[in-house]
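Can you read through this structure? Questions will come right after.
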């Protein structure tokens, strides 16, 4: 507009996004703002993720102002904007040093390097093929609510796994002690082996009943 000597005195930018300025017959006519739409479940999903004790951060190539506006609307804790793919990986390493293990969720081609470099890389099912290939986990939907759901299921799975480990070791230890004193027969030994395995399997099935 400056090169064409267009009078921009009536121009005011109070929105976030990529702007397209329009002039007609040498006069400023207006502007069009192009921006991504925030998913309806983004803010509730971020809030639920934070309730799980997880620090949230955004790594994006968008402008700083636009990124901070999105973060303010969704409740994201940290914002790192204007990043190239290699910059995202560098920022990821800094976040790992500050907070520990990192799960990165992305869907674009530019996200492939950082998806591969994260402790857990998760891609949206509607994302680019490169992102899906680089990810450890692929969500079958593009809903943000899948993120806290996956974390909740993973934690429940870990908890039940440790329950099975402790239960199996305690039963085997008790049977071994009883056997040393001559009070354990073959059926007790069968229970300590096969029976405990079946009980652990039934305990694990509880994961499938989670909603």
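The values are calculated or read from the model by the stated rules, or taken from the named source; none is laboratory data. These figures come from a predicted structure and were not determined experimentally. So basically every Cβ, Gly included, is an ideal-geometry build from the backbone, and we count neighbours across all protein chains shown.
Find the residue count for the stretch 118-134, including only residues that are at pLDDT 90 or above and in a strand (DSSP E or B).
4
A further question follows. Considering 55, 79, which residue is in a loop (DSSP other than H, G, I, E, B) and touching a helix residue (DSSP H, G or I) at 6+ places or on another chain (Cβ under 6 Å)?
After ruling out the rest, the residue left standing is 55.
Within the stretch 82-109, which residues are surrounded by fewer than 18 Cβ atoms within 10 Å (Cβ to Cβ) and either farther than 19 Å from residue 49 by Cβ or touching a helix residue (DSSP H, G or I) at 6+ places or on another chain (Cβ under 6 Å) (or both)?
Hits for the stretch 82-109 are 82, 84, 85, 86, 87, 90, 93, 94, 97, 108, 109.
Now for a different question. Could you pull out the residue among 114, 196, 175 that is more than 24 Å from residue 44 (Cβ to Cβ), in contact with a strand residue (DSSP E or B) (Cβ under 9 Å, 6 or more places away or on another chain), part of a helix (DSSP H, G or I) and touching a residue at least 12 places away in the same chain (Cβ under 8 Å)?
One residue alone meets the criteria, 114.
More than 25 Å from residue 53 (Cβ to Cβ) and touching a residue at least 12 places away in the same chain (Cβ under 8 Å) - does that describe any residue in the stretch 150-167?
yes
For every residue, the table says whether it meets (1) free of Cβ contacts under 8 Å to residues at least 24 places away in the same chain; (2) touching a strand residue (DSSP E or B) at 6+ places or on another chain (Cβ under 6 Å); (3) within 28 Å of residue 104 (Cβ to Cβ).
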{"site": "21", "(1), (2), (3)": "yes, yes, no"}
{"site": "39", "(1), (2), (3)": "no, no, yes"}
{"site": "43", "(1), (2), (3)": "no, no, yes"}
{"site": "46", "(1), (2), (3)": "no, no, yes"}
{"site": "57", "(1), (2), (3)": "no, yes, yes"}
{"site": "61", "(1), (2), (3)": "no, no, yes"}
{"site": "64", "(1), (2), (3)": "yes, no, yes"}
{"site": "71", "(1), (2), (3)": "yes, yes, yes"}
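How many residues does the stretch 13-30 contain that are outside any loop (DSSP other than H, G, I, E, B) and either modelled with pLDDT under 85 or at positive phi (or both)?
Adding up the residues that qualify gives 3.
Could you check the stretch 31-52 and list, in sequence order, the residues that are under 16 Å from the mean Cα position of the chain (by Cα) and outside any loop (DSSP other than H, G, I, E, B)?
42, 43, 44, 45, 46, 47, 48, 49, 50, 51
One residue is enough: does the stretch 138-161 have a residue meeting the conditions over 30 Å from residue 204 (Cα atoms), surrounded by fewer than 16 Cβ atoms within 10 Å (Cβ to Cβ) and at pLDDT 90 or above?
No - not one qualifying residue is present in the stretch 138-161.
Could I ask something else about it? Is it the case that the stretch 83-106 has a residue that's touching a residue at least 12 places away in the same chain (Cβ under 8 Å), within 18 Å of residue 150 (Cβ to Cβ) and outside any strand (DSSP E or B)?
yes
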